Amino acid sequence: MSSFKVRPSKPAAIFGAIFGVAILVFGLVSNLGKSGGFLWLWVVAGVAIIAFNLWAAFSRNGATEVVERRER
């Protein structure tokens, strides 16, 4: 059985990280002065998007999925 790692191109992953920063900034600016669970959930989601995309872009093993091919 052979397996292949699939990962996005660096430009696509970096664009995803920039999109995550935009989400984070939008959530913080629109909820300025408010505190609550939704704001923290928004921040955690934004940081997770940024971290995942940067990991996929710059890690040697930064594969987002593994495709396995079974040989008969």
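The values are calculated or read from the model by the stated rules, or taken from the named source; none is laboratory data. On a predicted model such as this, the values are computed, not experimentally measured, just so you know. Virtual Cβ from ideal backbone geometry, glycine too; neighbours counted across all protein chains shown. Note: areas computed on protein heavy atoms with side chains; ligands, DNA, RNA excluded. Shrake-Rupley method; radii C 1.70, N 1.55, O 1.52, S 1.80 Å.
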Query raised in the report: Considering the range 50-67 alone, what residues qualify as being open to solvent by less than 60 Å² (accessible area, probe 1.4 Å) and either at pLDDT 90 or above or in a helix (DSSP H, G or I) (or both)?
Result: 50, 51, 53, 56, 57
Query - Whichever residue in the range 1-39 is over 17 Å from the mean Cα position of the chain (by Cα), surrounded by fewer than 12 Cβ atoms within 10 Å (Cβ to Cβ) and among the hydrophobic types (A, V, I, L, M, F, W, C) and, among such residues, is nearest to residue 61 (Cα to Cα) - result: 4
